[in-house]
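Colleague: The structure's right below; bear with me while I get my questions together.
Read-outs: derived from the displayed coordinates by stated rules, not from any lab. Note that the structure is a prediction, hence the values are computed from the model and not measured. So basically every Cβ, Gly included, is an ideal-geometry build from the backbone, and we count neighbours across all protein chains shown.
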Amino acid sequence: MGGVQSFREMCDRTKNPNVRMSLPAVCVVWQTAMIILHGVFIRYDEESDAHWVEHRDHENLTDIQNDFYFRYPSFQDVHVMIFVGFGFLMTFLKRYSFGGVGFNFLIAAFGLQWALLMQGWFHSLDYTDGKIKIGVESLINADFCVAGCLIAYGALLGKVSPVQLMVLTLFGITLFAVEEFIILNLIHARDAGGSMVIHTFGGYYGLAISWMLYRPNLDQSSRLHGSVYHSDVFAMIGTLFLWMFWPSFNSAITDHGDGQHRAAINTYLALAATVLTTFAVSSVFQKHGKLDMVHIQNSTLAGGVAVGTAAEFMLMPYGSLIVGFCCGILSTLGYIYITPFMEKYMKIQDTCGIHNLHAMPGVIGGIVGAITAAAASESVYGKQGLINTFDFTGAFKDMVPTKQGGHQAGGLCVAICFGIGGGLIVGAILRLPIWGDPADDNCFDDEPYWELPEDEESIPPILHYNNHMRGKDVADTHFTMEPDARSRS
Amino acid sequence: MGGVQSFREMCDRTKNPNVRMSLPAVCVVWQTAMIILHGVFIRYDEESDAHWVEHRDHENLTDIQNDFYFRYPSFQDVHVMIFVGFGFLMTFLKRYSFGGVGFNFLIAAFGLQWALLMQGWFHSLDYTDGKIKIGVESLINADFCVAGCLIAYGALLGKVSPVQLMVLTLFGITLFAVEEFIILNLIHARDAGGSMVIHTFGGYYGLAISWMLYRPNLDQSSRLHGSVYHSDVFAMIGTLFLWMFWPSFNSAITDHGDGQHRAAINTYLALAATVLTTFAVSSVFQKHGKLDMVHIQNSTLAGGVAVGTAAEFMLMPYGSLIVGFCCGILSTLGYIYITPFMEKYMKIQDTCGIHNLHAMPGVIGGIVGAITAAAASESVYGKQGLINTFDFTGAFKDMVPTKQGGHQAGGLCVAICFGIGGGLIVGAILRLPIWGDPADDNCFDDEPYWELPEDEESIPPILHYNNHMRGKDVADTHFTMEPDARSRS
Amino acid sequence: MGGVQSFREMCDRTKNPNVRMSLPAVCVVWQTAMIILHGVFIRYDEESDAHWVEHRDHENLTDIQNDFYFRYPSFQDVHVMIFVGFGFLMTFLKRYSFGGVGFNFLIAAFGLQWALLMQGWFHSLDYTDGKIKIGVESLINADFCVAGCLIAYGALLGKVSPVQLMVLTLFGITLFAVEEFIILNLIHARDAGGSMVIHTFGGYYGLAISWMLYRPNLDQSSRLHGSVYHSDVFAMIGTLFLWMFWPSFNSAITDHGDGQHRAAINTYLALAATVLTTFAVSSVFQKHGKLDMVHIQNSTLAGGVAVGTAAEFMLMPYGSLIVGFCCGILSTLGYIYITPFMEKYMKIQDTCGIHNLHAMPGVIGGIVGAITAAAASESVYGKQGLINTFDFTGAFKDMVPTKQGGHQAGGLCVAICFGIGGGLIVGAILRLPIWGDPADDNCFDDEPYWELPEDEESIPPILHYNNHMRGKDVADTHFTMEPDARSRS
C-alpha cells in the first residue's frame, strides 16, 4: 500500500490537459492498426458472405433462416443502449454533457473494432484458413465487450482525459476477452446477459482504476459536481433507452426460439419490479419523501443487470420479479450509504455510482444464476431443453445442473478477480503523468477538452465564483463584446 | 350533481404533498402482491418455455416461426412509445419535466405487471392447470393496457400526487381488462390498434377524473403552466417516437403476414396526412400565421389514433390519408376551441389536451372501424382473407360484415361508458384527502415531489414573483452562498 | 452569371415572413392532391393485401416469409433516422430548434406521400391494372427519397420559409425519382445505401439552391448563428440515432439473406473508423487540442454515407474501415477549410455543412462503389453470388464486373448533374418574392414562424443587443409584467 501511495505521489505533477498531440496520435495510430489487423484476420462468415446462397441451398434453408433475421433487431437495440443509453446516462453533470456523450462515443467506436479481433481470436477463429469469421452475433458481442469499458468510464466520469479513456478501453477489451473465454469456454459457465462477464468485471475494473486515480482534492471541483434541471432530463433519455432495450440485451445472443423469448420476458419483469422499489426507497430515505433523480436514473436499471445470467433459464416470472424487487432496494441504498462511504473511507470516487448499478447487481446476478442453474431439473426444462439451455454438449455432455451451479459461482469469482486485478494494473498505467488528465479544480468540466459555445464560457471561473455578482458582470460584458466568436461555418 | 359538489367540498382540506409514508408503502405492498400473484398464476407459454423444442419438432416448425420473431421488433417499438413517447411528451412544462417522465415511468412499470394478470385471467388462462401462460404477445398487450392509464395521466399532469397515479393505474388497468374482454370477446369487435379500447377509454377515463378533481383556483399556478424553449424540444422527442413507432403499435398484435403488413402501411399514411393538416390549421388560426408547438407536439399524432381500429382492414391507402387529413384538422381545432371551452364551462382541466389527441380521435377511429367493417366484401378481402381479418370463426363463424359493423359500434359505446363511468368512480376515490396531492398554488411544479438541483430551486417562489427583480437578487445570493449543496456522490 | 445576378436583385424586395395564407393553402391543397392521386393509383401489393393467404398457400410459403419480416425492423430504424436523426441534428442552433425539428417533420411527412407516387410510377406500376402496388419496401424507398430533400434542407437551415421548403420538397422528390430511375434501371448501377442517388444528389441539390439564395448580408443574423450548450446536446441525439441506425439504412433494401447481413457489417465498421479520425482531426486543428462539437455531430457520420453504394458488395471488413478512415479526415477538414472557403469565395452558405457530410462523402461512395464493382470476381462472390449481388439478370445478364464499374461511375455523374441542375432551377423558383422567407437580420430565428414561450421571447432584439445590459433590464421587466401570457390550455 505504501508503495502504491508513493507511486501515486510520484505521478502527481502539474497537470496539462492539452491533448492536441496525444489524442490525434492515439486515434490515428490505433485506427491504422485496426485496419491492418482486420485486413489480416477478419472475413465474413458463412451467412454474410456472398457464397451464402450456395450454403443455403445445400442445407435446404430459406433466406429468413439466416442468423441476421434472428438477431439483427436485438443488435440494433443493444447498439442504442451502448451509444445513446450509456452516452446520455452520463450527460447528467451540469458542465460535462459533451464529455459524457462524446467520449462515450469515441471509446465505444474504438472498442468495438478491437473487440471483434480479441473475441474473434478466442471464439470465431476458423482454423482452416486462420481467419476470424464475423456475422451479426459478432457485432453484438463486440458491443457487449465495449459495455464493460463504458461501465468503467462511469466511475471515472469527469476526472480523466480522452487519451486515458482510450488506454482504459484498449486494456479493458483485452482483459474482457480473456476473462470471457475463461468463464464461458474453460469454466463453461452460462452468462447470456453478462451479469458476470460484463457488469461485474466492468464495475470492479472501473472501481479499481478509480481507487488508483484517487484525487484527495477533488472537492475543488465540487461546484461542477452536480446537475442542472435539463441535464437531469437528458440523462433520463439514457436511462429509458437502457431500461426499455434491456430485454434485447439479455436475449440478444441466447438460443434461437424459446431461449430468446424467455430471456426477454424475464428481463422485462425484473426491470418493472426494480422501478417500484427504487421509487419506494428513494422516497422513504429523503426528508419530506422527495424523490432523488440520481436514484431514478440509475437504480431502476439494476434489475436488468441482476437478471442477466439467469434470464435464459427457467427463472419463472415471479423469480424475475423477486430479483428486481431486491435489486431496486439494494441499489438505491447503495447510492444513499455505500457510495459516500466508499469515497470517504475507501478512497474510491465513483462519479456515476457504478458500484450500485453494475458491480453489486452483477454479483447478485452471478449468484442468482448459480442458484437457478443448480436447481434446474429435467421435469422443468424437458430433456432436450435442459441440454440446449445449459449447452451440455461436447466435452460437457456429462455435466449435471448441480455441478453447473458450481461452475457458475467459479465464473463469478474469475470476473471479480479480473476486474480488480486488471483495474489496479491499468490504474497504475493511467497514473503516469503523460495522459493529459485535468487538474483537481478542473474536473467535471468540458472546458479543457471541448470548444464551448458562448453561453457556457461565460460561466465564471473558480476565482470569481465566491464573488458571484461580480463574476456575473464580467461574464455579461464579455458576452456583449464578442457576440459571435464561434459560428458553424 | 349537488351531491358531487358537496362531496368535493368535503374533501377540500389543507393539502400536504408529503408522500414519504404513502408512496413507499404503496410501492412495496403492491409490488409484493405482484410477486405473490405472479407466483401463483403466471407461467411461460409454449413458445417461451424450455419445452418449445419438443413442440417445435412435433409441429414440424422451425425456430424462426416462434411468435417471438413475428412480434418482438414491434414489441420493442411499443415499449419505446410507452416509456419515451408518453414520458417525454409530458416534459413540456417548464418545471414539471421530472414528474412528467418520472411518474410516467413509475406507473407504467407497475401497470404492466398488473395488466399481465388482469388480461391473463380474461384471455390466456390455461384451464388445464389454472395458470396464465405468457409470451411476447402478452407483453405487448400489457403495454397497450398501460397506455390507457398514461393517457389519463395526461389530463391530470401536474395536479396529482404519485400515490394518486398509482391508484388511478390500479383501477384503470382493472377496468381496461374488463372493458377489453367485453368489447373483443363478448361483442366480438375488432380493435387492433386500440382506438376504442385504449384511446377512447383512456381519454374519457382521464377527463372524468379531471372533472371530479376540478380545481377552481388552479390559476394560482399559472406562472408554471407553460413551457420554456428547451422543454418544448424535449417534448418533441416524445412526439416523434410516438409518431414514428405508431405503425408498430397498430400492427403489433394483428394477424401474422398481411395483417401486420397492412396495418403498418395504413398507419404510416394516416400519420403523414395528419402532419400537413395540423401545420395548416395551426398556422391559419394564429395571428401572423405562427405555428404553435402545442399543436405540432400533439395533433400530429391524432391520425395514428383514428386509424387504430381499421388499420388491419382493407382501408386502402387513400382511406388512411382521408382519416389522417380529417383528424389533423379536428384535433388542432380541439386545442384552439374545445380545450378552453371545456375548462371554462365544463370544469374539465385537461393539461395535455388528451381530449383532442386521444378521446375524440379514438371515437372517430371507432366509427371509421365500424364503417370499414360494414363495407367489407369477399371481392375485396377474398374468402379466406375475410374470415381471417374479422376472425369469423368458432361461435362467430356465421357473422357477416354488415353485422360486424354494428358490433364495432357497440364496442365503441362500451368503451365510452367504461371510461366515463370508471373515471367518475375513481375520481371520487382520488378526492379523499389522504393522497398527498399538491395545493393549488403548487401545481405543475416538481418541487413537492422531487429533490431539485440548485439552479431550479433558486427560481423565486410565488411571493417573490411579483417583485421579480428583488426575488432575483435573493436567488443569486442564495446561489452564491451554497454553490454545491447537492452532489451525486 | 450576370443574368442570374440581375434575377437575384429583381427578387430582393422587402421580406415578409407571414405565411398565414400560403402555408395552410399549400398544405391543404397538396394533401388533397395526395388523397386523390393515392385513390386513383395506389393499392396494397401481394404481401400486404388480404389475398396474401391464397398467394402464400399457392407458393408454399409460410407467414414469416412475407417481406414484412425481412424488412420491417430496418424500416423502423430508417424512419427514426429520417424524423429523429435528421430532425434533431438540425436543433443545434440556439434559437432555431423548433424550425429544425419541426420543418423537418413537415416536409418529411409530405415528401413520403409524393415519393410513394413518383417512385411507384417508375418502379412498382402494375401494368395489368394501372395501379401502383405498395409494401414495406415502398415505405423504405419513400423514406430514402425524402432523405435527399432533408439533406438539402441542411444547407438552407434558418434561411428559408416552410413554404419554400414544401416547394423544395415537391421538386426534389420529383427529380429524385427520375434520377433514381435513370441510375438504377437505365444505367443499371447498384446503389443500396444511396451514396449517389440520395447523398450526392441531395447534397448538390441543396448547395445549388443555397447558391441561388445567397444572402450577402447574412452576418446581420450572426448573433443567432451558433449553438448553446444544451442545443448541442440535443443535436447529439440526432447524430447518434443516425450513426447507430445507418447499418439499417444501407441494408434496408439489399437482397434477403447475405446481402442485408453484409451491408450491415460493412456500415457498422466504416462508421466506427470514421469516429476515430474525426476526433483526431478535430483535436489537431484546434488550439489547445480542443474538440469541436460541430465535427463530432457531423463528420462522424461521413463513413456511413461513403460506404452506401459498396455496402452490399464484398468490400471486406478492412475495406470498410479504410473508407471510414479517409472520410472522417476529409469531412472534418471540409468543416475547417472548405465550408468557410465556399461561403467566402463561392457564395454558398451551407448552414449544416452538408457538403462535408453528404455531397463529398457521397461522391467518394460512388467512386468506392465503382472500384469495388469493377474488381468483383467469381472467386470472391461465387457464381450465383455474383449474379445476385449485381443483379446480372434479364437485359443485363451478359454484364461483367469491369463494365459494371463503368456503369457505376456513370450513375455518379447523373446524380451530380441532377443535383446541380435541379438545384439551380428550383433555387430560381425559390427566389420569387412570394414565399415568405425571413429578412437577413431574422435568419436562424424561430420567431418569425413559431409562437415562442416566454423565456425566449425575452431575448433582446438586435437593436438592444449591442447595449446588452440595458436590453437585459428591458427583458426582465417585460418578464415580470406578463408572467404567463401563454399557457397550454
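Colleague: Which one of B:322, B:388, B:404 has its Cα pushed farthest toward the positive end of the charge dipole of chain B, where Lys and Arg give +1 and Asp and Glu give -1 at the Cβ?
Modeller: B:322
Colleague: Using θ = phi - 60° and the Karplus relation 6.51 cos²θ - 1.76 cosθ + 1.60, list the HN-Hα couplings for the range C:280-297 in order, rounded to whole Hz, with x at every Gly or Pro.
Modeller: Per-residue couplings from phi come out as 4, 5, 4, 6, 6, 9, 10, 4, 6, x, 6, 7, 10, 4, 4, 5, 5, 5 Hz.
Colleague: Per-residue Cβ counts within 10 Å, from other chains only, averaged over B:311-319: what number is that?
Modeller: 4
Colleague: Of C:94/C:287; C:383/C:403; A:159/A:344; C:287/C:347; B:290/C:159; B:287/C:159, which ones are farther than 19 Å apart at the Cα? Let's see the in-between values first.
Modeller: Numbers: C:94/C:287 24 Å; C:383/C:403 17 Å; A:159/A:344 17 Å; C:287/C:347 28 Å; B:290/C:159 16 Å; B:287/C:159 22 Å.
In this structure, C:94/C:287; C:287/C:347; B:287/C:159 exceed 19 Å between Cα atoms.
Colleague: Then there is this: Kindly rank C:356-364, A:157-165 from highest to lowest mean number of other beta carbons found within 10 Å of each residue.
Modeller: Packing proxy ranking, top to bottom: C:356-364, A:157-165.
Colleague: Note down the magnitude of the dipole of the protein assembly as shown about its Cα centre, charges +1 on Lys and Arg C-beta and -1 on Asp and Glu C-beta and zero elsewhere, to the nearest 20 debye.
Modeller: The dipole of the protein assembly as shown has a size of about 2260 debye.
Colleague: Count, for each residue of C:214-223, the Cβ atoms from other chains sitting within 10 Å of its Cβ, then give me the mean as a whole number. Can you show the working numbers first?
Modeller: On the way: counts 0, 0, 0, 0, 1, 2, 0, 1, 4, 4.
Rounded to a whole number, the mean comes out at 1.
Colleague: At each listed q (0.12, 0.13, 0.14, 0.25 Å⁻¹), what is the log10 of I(q)/I(0) that the Debye formula gives for the range A:302-361 modelled as equal alpha-carbon point scatterers?
Modeller: Results for the range A:302-361 at q = 0.12, 0.13, 0.14, 0.25 Å⁻¹ read -0.33, -0.38, -0.43, -0.92.
Colleague: Now a separate question. List the distances, in nm and shortest first, from the label point of residue C:217 to the matching label points in every other copy, placing each point 7 Å from Cα along the Cα-to-Cβ direction.
Modeller: Nearest to farthest, the other copies are at 5.5, 5.5 nm.
Colleague: Also, quick follow-up: Using the Karplus curve 6.51 cos²θ - 1.76 cosθ + 1.60 with θ = phi - 60°, what ³J(HN,Hα) values do you get for each residue of the range A:99-110, in whole Hz, with x for Gly and Pro?
Modeller: x, x, 7, x, 6, 4, 4, 4, 6, 5, 5, 6
Colleague: Counting Lys and Arg as +1 and Asp and Glu as -1, what is the net charge of the other residues whose Cβ lies under 14 Å from the Cβ of residue C:176?
Modeller: Numbers: positive: none; negative: C:143, C:179, C:180, C:191.
Net charge around residue C:176: -4.
Colleague: Going highest first, how would you order A:221-230, C:433-442, C:394-403 by mean Cβ packing within 10 Å?
Modeller: The packing order, highest mean first, is A:221-230, C:433-442, C:394-403.
Colleague: For label points placed 7 Å from Cα toward Cβ, what is the shortest-first list of nm distances from residue A:425 to its copies?
Modeller: 6.6, 6.6
Colleague: For peptide A:33-40, how many partner chain Cβ atoms fall within 10 Å of a residue's Cβ, on average?
Modeller: Mean inter-chain Cβ contacts per residue within 10 Å come to 5.
Colleague: With axes computed from alpha carbons, what is the tilt in degrees of helix C:201-212 against the longest principal axis of chain C, rounded to the nearest 10 within 0 to 90?
Modeller: Taking the Cα atoms of chain C, the angle to C:201-212 is about 30 degrees.
Colleague: As a check on your grasp of the helix formula, calculate [θ] at 222 nm for the protein assembly as shown: sum -39500 (n - 2.57) over DSSP H runs of n ≥ 4, divide by the residue count, round to the nearest 500. Don't jump to the answer; show the numbers that get you there.
Modeller: On the way: 66 runs with 897 residues, N = 1467.
The helix-only estimate for the protein assembly as shown comes to -19500 deg cm²/dmol at 222 nm.
Colleague: Sorted by mean Cβ packing within 10 Å, highest first, what order do the peptides A:35-43, C:212-220 take?
Modeller: Numbers: A:35-43: 18.0, C:212-220: 16.3.
In decreasing order of mean packing, A:35-43, C:212-220 become A:35-43, C:212-220.
Colleague: Hey, another quick one. Between the helical axis of A:360-374 and the dominant principal axis of chain A, each derived from Cα atoms, what acute angle in degrees is found, rounded to the nearest 10?
Modeller: The two axes meet at around 10 degrees.
Colleague: From the Cα gyration tensor of the protein assembly as shown, with a ≥ b ≥ c the square roots of its eigenvalues, which class applies: rounded if a/c is under 1.5, or else prolate if a/b is larger than b/c, or else oblate?
Modeller: rounded
Colleague: Compute the distance from the alpha-carbon center of the range A:412-448 to that of the range A:319-396, in whole Å.
Modeller: Using only Cα atoms to place each centre, the spacing works out to 25 Å.
Colleague: Going by amide H atoms built from the backbone, whose H comes under 5 Å of the H on residue B:134, apart from near neighbours?
Modeller: Here the answer is B:43, B:44, B:45, since their amide H atoms fall under 5 Å of that of residue B:134.
Colleague: What translational diffusion coefficient, to the nearest whole µm²/s, does the range C:154-233 have by Stokes-Einstein, given a Kirkwood radius computed over alpha-carbon pairs, a temperature of 10 °C and 1.306 mPa s viscosity?
Modeller: Working: Rh = 14.9 Å.
In µm²/s, the coefficient is 106.
Colleague: Something else about it: Treat every Asp and Glu Cβ in the range B:231-385 as -1 and every Lys and Arg Cβ as +1, leave all other atoms uncharged, and give the resulting dipole magnitude about the Cα centre to the nearest 20 debye. Could the numbers behind the result be given before it?
Modeller: Details: 6 positive and 8 negative charges, 67 e Å.
In debye, rounded to 20, the range B:231-385 gives about 320.
Colleague: Going by C-beta contacts inside 10 Å, put A:251, A:283 in order with the fewest on the left.
Modeller: Least to most surrounded, the residues fall as A:283, A:251.
Colleague: Now a separate question. What angle do you read, to the nearest 10 degrees and between 0 and 90, between the alpha-carbon axis of helix B:2-11 and the longest principal axis of chain B?
Modeller: So the helix axis and the longest Cα principal axis differ by about 60 degrees.
Colleague: What does the convex hull of the Cα atoms come to per residue for chain B, in Å³?
Modeller: That works out to 167 Å³ per residue.
Colleague: Hey, another quick one. With r defined as the distance between the Cβ atoms of residue A:36 and residue A:286 and R0 fixed at 51 Å, what FRET efficiency is calculated, to the nearest 0.05? Don't skip to the answer; put the middle values down first.
Modeller: Working: r = 55 Å, r/R0 = 1.07.
Working from the Cβ atoms, E equals 0.40.
Colleague: Sticking with this structure for a sec: What is the range C:18-65 by shape, rounded, prolate or oblate, if you read a ≥ b ≥ c off the alpha carbon gyration tensor as root eigenvalues and call it rounded for a/c under 1.5, prolate for a/b larger than b/c, and oblate otherwise?
Modeller: In terms of gyration-tensor shape, prolate.
Colleague: HN-Hα J couplings of the range A:168-185 from phi, Karplus 6.51/-1.76/1.60, θ = phi - 60°, integer Hz, Gly and Pro as x?
Modeller: 3, 6, 4, 6, x, 5, 4, 4, 4, 5, 5, 4, 5, 4, 4, 5, 7, 9
Colleague: Once you order the gyration tensor axes a ≥ b ≥ c over the Cα atoms, which shape class does the range A:355-439 get: rounded for a/c under 1.5, otherwise prolate or oblate by comparing a/b with b/c?
Modeller: Prolate, since a/c reaches 1.5 and a/b exceeds b/c.
Colleague: Still on this structure: Assign unit charges at the C-beta atoms only (+1 for Lys and Arg, -1 for Asp and Glu), then state the dipole size of chain A relative to its Cα centre in Debye, rounded to the nearest 20.
Modeller: 1340 debye
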